[in-house]
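Participant: My questions will all concern the structure given below.
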Amino acid sequence: MSRKLFVPLIAFAVFLALWELLVWANDWPNYKMASPTDLVPAFVKYWELFLSMGWQTLWRTVVGLLLAVVVGVLLGMVMGFSRTMRDALYPLLVGFNAVPKATVVPIVALLFVGAHDFNTVLIAFMISFFPIAVSVSIGLSTLEPEYRDILRSLGASQFTIFRKIALPKTLPEFFGALKVAVTLAFIGTNLMEIVSPHGRGLGALFDSAKTNSDYPLMFAVLIALAFLGIVLYYVVVALESIFAGWAERSPS
Amino acid sequence: MNALIDIRDVHHAYATSSGPLPVLAGLDLSVREGGFTAVVGPSGCGKSTLTRLVAGLMIPDRGTVSLHGEPVTSPRSTVGMAFQNPVLLEWRTILQNVLLPLEIVPTRLSRSQQQERALSLLELVGLAGFEDKRPSELSGGMRQRASLCRALVHQPDVLILDEPFGALDAFTREDLWQIMHELKAREPFTGVLITHDLRESIFLADQVVVLSGRPARTQYVLDVPSDGPRDLDMLYTPESVEMLATLRREIQIAREGESADPAENARS
Ligand SMILES: Nc1ncnc2c1ncn2[C@@H]1O[C@H](COP(=O)(O)OP(=O)(O)OP(=O)(O)O)[C@@H](O)[C@H]1O
Ligand SMILES: [Mg+2]
């Protein structure tokens, strides 16, 4: 356990040292590339801002992701159980997903001017529901018929079969997709925060640092984003090991 | 008229993209209460289709399938099934897997009685001590044993086995044959066993039905003189050798009939 924490920490320290070395060796000024030691003052100076902006980014990402889970699972169920719906919806979803979200962000920002929270959550949702829908539909449609038959031959209802077999069997795929989706939602939130005028959140902080040419602050925001991204990801990993831990192969 | 499973002149076809595919055409089968019937036939002739009809998962196009003299129109909780693939649920322990049917089927047993019953079945098949393991921690033969326990835990009238030992090695298979005899001696089910193994059919069953090639009808019925549990030496008696020769000949005829039907081959 301590080793599980120790090894990544060492890796992180090595990473910071190499970064520092790189900046020092090249003698880069901090407007070209800030070094880790430049970041400390930025964090110290703006820590209250980091907390409040970080919270903005966090809650909007999580709400967008929860929406994506609800809609993605519903869509996945519809496509997983009905061949016709799969044929009908799949191309639509693929097309929707293929549109670069960077082009959708300004459209949404204009469409709902002023509704900054709403816009941000919407983009986080739009960018992240697709992998969830696909994984759930594939999980359900590839269920071997024998699994259904053992319960169906006893007179179990479709709902019972879904609850006792299809749902748990799909959980590993679902969490695999959720790990992708959480990162995507996070990216979506920040895209909107950066683009929106008078935005809030870490993305907006980044944007204002850029406007004020505060380069150490820009890099400090990047580190804060990375940190938040790691936290979100590992929350999903923890949920996965609680609800789908059985799917993990024990190390041999 | 004391047949528990009675199948009369059943016809069935699947709808496929190239038109209806007749699979069963004039199948008759009758299994007495407490009997054990093995069904053999060429690959793809419709044996699994037969099991799905008996389980009530499908209704035949024509003819009747009855249990206890009543036509089967839907699945019923008095049936237990096991397949070549043990289909155990990986997120459940072996014990929880075995208990699964009791979560569906109405039962008078209390929770502790259910556990007791599941554990005694597991012990009977040699899985005592493995009840808290996950399916992935067991060998193929052990998983198949657990799957048999699950098929029997709710005390079904009818046990349907679709090539349950097909994927096992010869020694494990012979172990499971013995276990089937022990289960038969203790549990009051009527059995239908689909198999590709003629030795298995005469070792386990008291009646062997040979199906013709697709579309399948009953081609030949062999009664195996039965007197309770058997041991493997039984397979090497002159009577058994004779029965095996007869069955092999009938399978040969079934397969030739198949290839001699050009219309059927053109369709498949
Ligand atoms: N749902 C289905 N739709 C269309 N055709 C099917 C379906 N299920 C089975 N078939 C076809 O019906 C035929 C009989 O299938 P079935 O599974 O009953 O054969 P089987 O005797 O059990 O074969 P095997 O010995 O390989 O297990 C096969 O040709 C198969 O391709
Ligand atoms: Mg089959």
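Participant: Quickly run through the stretch B:79-117 and pick out the residues that are in a loop (DSSP other than H, G, I, E, B) and of a type in the set (Val, Ile, Thr).
Facilitator: Correct list: B:VAL87, B:THR93, B:VAL105, B:THR107.
Participant: Looking only at helices (runs of 4 or more DSSP H) that fall completely inside the stretch B:161-260, which ones have 1 or more residues that are more than 14 Å from chain A (Cβ to nearest Cβ) and within 16 Å of ligand 2 (Cβ to nearest atom)?
Facilitator: B:198-204, B:238-259
Participant: What is the one condition in (1) within 14 Å of chain A (Cβ to nearest Cβ); (2) closer than 30 Å to B:GLN252 by Cβ; (3) within 16 Å of ligand 2 (Cβ to nearest atom) that B:LYS47 does not satisfy?
Facilitator: With respect to (1) within 14 Å of chain A (Cβ to nearest Cβ); (2) closer than 30 Å to B:GLN252 by Cβ; (3) within 16 Å of ligand 2 (Cβ to nearest atom), B:LYS47 is out only on (1).
Participant: If you don't mind, there's one more thing I want to ask. Check A:GLU193 against each of (1) over 21 Å from A:VAL73 (Cβ atoms); (2) of a type outside the set (A, V, I, L, M); (3) buried (at least 21 other Cβ atoms within 10 Å of the Cβ); (4) within 13 Å of chain B (Cβ to nearest Cβ) and name the one condition it does not meet.
Facilitator: (4)
Participant: Tell me the residue from A:ASN119, A:ASN26 that is polar (S, T, N, Q) and touching a helix residue (DSSP H, G or I) at 6+ places or on another chain (Cβ under 6 Å), please.
Facilitator: Going through A:ASN119, A:ASN26 in turn, the sole match is A:ASN119.
Participant: OK, next. State the number of residues belonging to the stretch B:101-129 that are within 14 Å of another protein chain (Cβ to nearest Cβ) and either among the hydroxyl-bearing types (Ser, Thr, Tyr) or within 24 Å of B:LEU168 (Cα to Cα) (or both).
Facilitator: So the count comes out to 1.
Participant: Right, here's the next one. With buried (at least 23 other Cβ atoms within 10 Å of the Cβ) and out of contact with any His (no Cβ under 8 Å at 6 or more places or on another chain) as the only criterion, which of A:ARG83, A:ARG60 stands out? Give the derivation first.
Facilitator: Numbers: A:ARG83 fails: buried (at least 23 other Cβ atoms within 10 Å of the Cβ).
Selected residue: A:ARG60, the only one of A:ARG83, A:ARG60 that is buried (at least 23 other Cβ atoms within 10 Å of the Cβ) and out of contact with any His (no Cβ under 8 Å at 6 or more places or on another chain).
Participant: Okay, next question. What is the residue count in the stretch A:113-128 for residues that are at pLDDT 80 or above and either among the β-branched types (Val, Ile, Thr) or farther than 10 Å from A:MET192 by Cα (or both)?
Facilitator: Initially, the stretch A:113-128 is screened for residues at pLDDT 80 or above, giving A:115-128.
Then keep just the ones that are either among the β-branched types (Val, Ile, Thr) or farther than 10 Å from A:MET192 by Cα (or both); that gives A:115, A:118, A:120-121, A:123, A:125-128.
Total satisfying the criteria: 9.
Participant: Could I ask something else about it? Considering each residue of the stretch A:140-155, count those that are more than 7 Å from chain B (Cβ to nearest Cβ), polar (S, T, N, Q) and either buried (at least 22 other Cβ atoms within 10 Å of the Cβ) or part of a loop (DSSP other than H, G, I, E, B) (or both), and give that number.
Facilitator: 1
Participant: Out of (1) surrounded by fewer than 17 Cβ atoms within 10 Å (Cβ to Cβ); (2) in the same structural domain as B:GLU137 (by TED's automatic domain parsing), what's the single condition that is false for B:LEU95?
Facilitator: (1)
Participant: Might you let me know whether the stretch B:53-62 holds any residue that is over 30 Å from A:ILE242 (Cβ atoms) and away from ligand 1 (no atom under 16 Å from the Cβ)?
Facilitator: Yes, because at least one residue in the stretch B:53-62 is over 30 Å from A:ILE242 (Cβ atoms) and away from ligand 1 (no atom under 16 Å from the Cβ).
Participant: With the checklist (1) within 12 Å of another protein chain (Cβ to nearest Cβ); (2) surrounded by fewer than 17 Cβ atoms within 10 Å (Cβ to Cβ) in hand, flag the one item B:GLU33 doesn't pass.
Facilitator: (1)
Participant: If you don't mind, another one. Could you please find all residues in the stretch A:230-247 being over 14 Å from A:LEU171 (Cβ atoms) and crowded, with 17+ Cβ neighbours inside 10 Å?
Facilitator: Correct list: A:LEU232 only.
Residues checked against (1) of a type in the set (A, V, I, L, M, F, W, C); (2) crowded, with 19+ Cβ neighbours inside 10 Å; (3) away from ligand 2 (no atom under 16 Å from the Cβ):
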site	(1), (2), (3)
B:THR51	no, yes, no
B:ILE59	yes, no, yes
B:GLY69	no, no, yes
B:THR78	no, no, yes
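Participant: If you go through the stretch B:79-93, how many residues are touching an Asp or Glu at 6+ places or on another chain (Cβ under 8 Å) and at the interface with chain A (Cβ under 9 Å from one of its Cβ atoms)?
Facilitator: Qualifying residue count for the region: 7.
Participant: Run down B:VAL39, B:VAL10 and say which single residue is surrounded by 17 or more Cβ atoms within 10 Å (Cβ to Cβ), at pLDDT 95 or above and closer than 22 Å to B:ILE194 by Cα. Walk me through how you get there before you give the answer.
Facilitator: Details: B:VAL10 fails: at pLDDT 95 or above.
Only one candidate passes the filter, namely B:VAL39.
Participant: Further, regarding this structure: Out of all the residues in the stretch B:153-192, which are hydroxyl-bearing (Ser, Thr, Tyr) and more than 13 Å from the chain's Cα centre (by Cα)?
Facilitator: To start, the set of residues in the stretch B:153-192 that are hydroxyl-bearing (Ser, Thr, Tyr) comprises B:172, B:190.
Within the stretch B:153-192, B:THR172 is the sole residue that qualifies.
Participant: I would also like to ask the following. So how many residues does the stretch B:75-127 have that are more than 30 Å from B:LYS47 (Cβ to Cβ) and among the aromatic types (Phe, Trp, Tyr)? Walk me through it before giving the result.
Facilitator: Looking only at the stretch B:75-127, we keep the residues that are more than 30 Å from B:LYS47 (Cβ to Cβ), and these are B:91, B:93, B:95-96, B:106-117, B:119-120, B:123.
From what's left, among the aromatic types (Phe, Trp, Tyr): B:91.
Number satisfying all stated conditions: 1.
Participant: Just the residues that are within 32 Å of the chain's Cα centre (by Cα), among the hydroxyl-bearing types (Ser, Thr, Tyr) and more than 7 Å from chain B (Cβ to nearest Cβ), please, taken from the stretch A:156-174.
Facilitator: A:THR170
The values are calculated or read from the model by the stated rules, or taken from the named source; none is laboratory data. Predicted model only: the values in this text are computed from it and were never measured. Note that each Cβ is placed from the backbone with ideal geometry, even for glycine, and that neighbours are counted across all protein chains shown.
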